[in-house]
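The values are calculated or read from the model by the stated rules, or taken from the named source; none is laboratory data. No experiment lies behind these values; they were computed from the predicted model shown. Neighbour counts are summed over all protein chains in view; Cβ atoms, including those assigned to glycine, are modelled from backbone coordinates with ideal geometry. SASA here: full protein model, heavy atoms, side chains in, ligands and nucleic acids out. Shrake-Rupley method; radii C 1.70, N 1.55, O 1.52, S 1.80 Å.
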Amino acid sequence: MKMLTGFPSAALIALIVSTPSAIAAEAPDGDCRTTVVRATFTDRSQVDAFARHEEPWEVDHARGLMVVGVDAEGFQRLLELGFAVEVDSERTAELCSPKKSLPGQTEGIPGYLCYRTVEEAFQSAEDLATAYPNLATWIDAGDSWEKLTPGGNPGYDMMVLRLTNSAVAGTPPAGTTGKPRLFVTSAIHAREYTTAELVTRFAEYLVTNHGVDPDATWLLDEHEIHLMLFTNPDGRKHAETGASWRKNTNENYCSPTSSYRGADLNRNFEFQWGCCGGSSGDSCSNTYRGPSPTSEPEVEAVQSYARSIFPDQRADEIGAAAPADATGMYLDIHSYSELVLWPWGFTGTPTGNGTALQTLGRKLAFFNGYEPDQAIGLYPTDGTTVDFAYGDLGVAACLFELGNWFFEDCSDFESTIFPDNLEALIYAAKIVRTPYLTPAGPEVTGASASATVVEPGDTLTLTATADDTRFNNSNGTEPSQPIAAAELTIDAPPWQSGAVPVAMSATDGAFDTATESIEGSLDTTGLAVGRHTAFFRAQDSAGSWGPVSAVFVWVLDPASAAHIAGSVTDADSGAPLAATVTAGAFTTGADPGTGAYDLMLIEGTYDVTASMEGYGSLTAASVATVAGATSQLDFALQPYETALSDTVEDGNIGWTPAG
């Protein structure tokens, strides 16, 4: 890279002398006229002025650095605003290189096996609804611009995947009807590949783990999760060719064939539309807000759907607050920049629920490690999703900016972006009953029972950690308090009528720190044979209860239960091993003196695994069990051996076999 005082190439210099709007209107699809630059500034007003026309990709106010892709007009604007501009040739080449299928690739976006196309993701969602009709429903919420416009591409339905256990009524929050709801939208900006895949996998995780994972189970039993995988399906389809496409594909704006056509859907929402210099009135701009609020059918679909599932909980005045116990949450998933943002984006004045939204944002950012901030912290935006959700309905709203690039490598998505943000989404789903209150309370982590399977009348010890410190404090410090109480309930979450709380105690004898190990006892006398759910929660000294975490416990009658029994031994010496034997949700330990185990479980077919530290685990596949009978299964585990030794002290700086 080198510092420039003019445009980066002779060809682009020639573009500057042309009329900028004509350049934009004449740019055909597939003709990459974008240069990625690193622009340094000395005053925030420079960023704000530039953002009225184009959206910066990255902004670091502390370093005075902005990263953005620009055409001739945008480059000239940077210079006129006083930025010092440096071309990022590597990112420019990556952005402008054609996206090609990998060898043998038959599915996914070309070059990216981890990201499903619009059609593939829709098919996955439809498959979930077909395979799990009691848990998933595939809903048509409207039409895209192309779907409504004859003579061109067929376009798409604006589909929503609704997840909830329809067999369980749940417990409506006070003063409302229906279960608490989380609404997530993604891919409103077409080129942001990671977003729809994250949300699709979130859906698959919840549905396939219902009945397996206790938290996934109670979330779908007690809550509703609504997922619009593609908020801009027309634009996303175009971006799948490798085009750096942001807006929808409305041909009425800029020019019907221009690569700058369309409206920025995240500037077209009616709340504070075009109010405050956070969008552009130039139809060829990437932040073009459209000719009027909600002019785009995709935005109309989102607004109508949100209003259909959330009550209006906030007065119209800008400074009005939603009630502290308001219910429901909205998330909009974008890329990139590793941020968690909350309203407002059009003014630096906090919302009426500003402190609670800040706490929520810092909590969500704990999981993905992103920087939490009010949306205007980067630059002004208006007519946006999160400002609409909060401003129009009083719903707690946040926005994620995933990762470090629009076209994120699959390795980064799989190893970091997906697992970290899955945790954040699960947490969001947990707190939708009271999202302005619950994030201030302590989390319960590591919840477990002394045994997953017990006989009637046995007493269980239940343990966990209560933690009031799990916030991202990279942009201000969130207060934490000592743990004051902890409790568990059986088979009914604490908000449900009839739930009977059982007090838990601090393992060290006193609640006096912000992180405490907690324990409690459960007498299973009187519990019916079958699966039971233990719900844990904790309270801090400020009176804030945190979200629920759960574990499964099975009470089984040895005479009628199925059994898998046998021994676990050392494969070399035959010595007994105190191994752990697991089959699905059922776990037991082998006797350390004899290696014998007896795993009690419900009738079915299981993959059974024996494992122990220092030994290779061993799995027996498809072991059939029958109620009232025992299936015999022995394990001989192979100990790990040191295969290599370092002999550096003898002058060997490499590795040699140990023999």
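Do we find that Ser304 is closer than 15 Å to Ile188 by Cα and touching a residue at least 24 places away in the same chain (Cβ under 8 Å) in this structure? Spelling it out, it is not the case that Ser304 is closer than 15 Å to Ile188 by Cα and touching a residue at least 24 places away in the same chain (Cβ under 8 Å).
The strands (runs of 3 or more DSSP E) falling completely within region 602-659 that include 3 or more residues that are at pLDDT below 95 map to 644-646, 655-657. The set of residues from region 485-542 being touching a helix residue (DSSP H, G or I) at 6+ places or on another chain (Cβ under 9 Å) and closer than 27 Å to Gly170 by Cα comprises Pro493, Trp495, Gln496, Thr533, Ala534, Phe535, Asp540. Scanning region 340-358 for residues that are within 25 Å of Thr469 (Cα to Cα), surrounded by fewer than 24 Cβ atoms within 10 Å (Cβ to Cβ) and in contact (Cβ under 8 Å) with a residue 40 or more places away in the chain turns up Ala356, Gln358.
Residues in region 463-482 that are closer than 20 Å to Leu360 by Cβ and either open to solvent by less than 40 Å² (accessible area, probe 1.4 Å) or modelled with pLDDT under 95 (or both): Ala466, Asp467, Asp468, Phe471, Asn472, Gly476, Glu478. In region 494-588, counting only strands (runs of 3 or more DSSP E) that sit wholly within it, the ones holding 2 or more residues that are surrounded by 15 or more Cβ atoms within 10 Å (Cβ to Cβ), touching a His at 6+ places or on another chain (Cβ under 7 Å) and among the β-branched types (Val, Ile, Thr) span 549-555. Does Trp245 count as more than 27 Å from Asp409 (Cα to Cα) and buried (at least 21 other Cβ atoms within 10 Å of the Cβ)? So Trp245 fails the test. Does region 131-143 include one or more residues that are surrounded by fewer than 15 Cβ atoms within 10 Å (Cβ to Cβ), of a type in the set (Asp, Glu), touching a residue at least 12 places away in the same chain (Cβ under 8 Å) and assigned to a helix (DSSP H, G or I)? Within region 131-143 (the criterion being surrounded by fewer than 15 Cβ atoms within 10 Å (Cβ to Cβ), of a type in the set (Asp, Glu), touching a residue at least 12 places away in the same chain (Cβ under 8 Å) and assigned to a helix (DSSP H, G or I)), the answer is no, since none of the residues qualifies.
Please count how many residues of region 464-499 are farther than 15 Å from Ala550 by Cβ and not hydroxyl-bearing (Ser, Thr, Tyr). Matching residues across region 464-499 total 16. If you go through region 606-627 and keep only what is within 33 Å of the chain's Cα centre (by Cα) and of a type in the set (S, T, N, Q), you end up with Thr609, Ser611, Ser617, Thr619. Looking at region 371-415 only, could you name the residues that are without any contact (Cβ under 8 Å) to a residue 12 or more places away in the chain and either assigned to a strand (DSSP E or B) or of a type outside the set (Asp, Glu) (or both)? Listed by number, the residues that qualify are Ser411, Ser415.
The set of residues from region 88-130 being part of a helix (DSSP H, G or I), over 21 Å from the mean Cα position of the chain (by Cα) and in contact (Cβ under 8 Å) with a residue 12 or more places away in the chain comprises Ser89, Arg91, Thr92, Glu94, Leu95, Cys96. No other residue among Pro154, Pro233, Pro214, Pro173 is over 27 Å from Thr452 (Cα atoms), in contact (Cβ under 8 Å) with a residue 24 or more places away in the chain, open to solvent by 10 Å² or more (accessible area, probe 1.4 Å) and of a type outside the set (Asp, Glu) apart from Pro173. What about Val47, is it of a type outside the set (Asp, Glu) and in contact with a helix residue (DSSP H, G or I) (Cβ under 9 Å, 6 or more places away or on another chain)? No; evaluated as a whole, the condition is false for this residue. Summed over region 430-441, residues that are open to solvent by 10 Å² or more (accessible area, probe 1.4 Å) and in a helix (DSSP H, G or I) total 3. Scanning region 442-462 for residues that are open to solvent by less than 50 Å² (accessible area, probe 1.4 Å) and either farther than 19 Å from Asn368 by Cα or over 22 Å from the mean Cα position of the chain (by Cα) (or both) returns Ala447, Ser448, Ala449, Ala451, Thr452, Val453, Val454, Gly457, Leu460, Leu462.
Residues that are in contact with a helix residue (DSSP H, G or I) (Cβ under 6 Å, 6 or more places away or on another chain) and either open to solvent by less than 50 Å² (accessible area, probe 1.4 Å) or closer than 21 Å to Lys247 by Cα (or both) within region 67-81 comprise Ala72, Glu73, listed in sequence order.
Selection of region 248-260 for residues being open to solvent by 20 Å² or more (accessible area, probe 1.4 Å) and either at pLDDT 95 or above or not aromatic (Phe, Trp, Tyr) (or both) yields Glu251, Asn252, Tyr253, Cys254, Ser255, Pro256, Thr257, Ser259. Among the residues of region 369-392, those that are surrounded by 23 or more Cβ atoms within 10 Å (Cβ to Cβ) and more than 25 Å from Ala49 (Cβ to Cβ) comprise Tyr370, Pro372, Ala389, Tyr390. Note on region 103-130: residues that are closer than 19 Å to Trp405 by Cβ and open to solvent by 70 Å² or more (accessible area, probe 1.4 Å) amount to 1. Any residue that is on the phi < 0 side of the Ramachandran plot, open to solvent by less than 60 Å² (accessible area, probe 1.4 Å) and polar (S, T, N, Q) - is there at least one of those in region 601-611? Yes.
Evaluate the following for Pro419: is it open to solvent by less than 50 Å² (accessible area, probe 1.4 Å) and not in a strand (DSSP E or B)? Taking the combined requirement at face value, the residue satisfies it.
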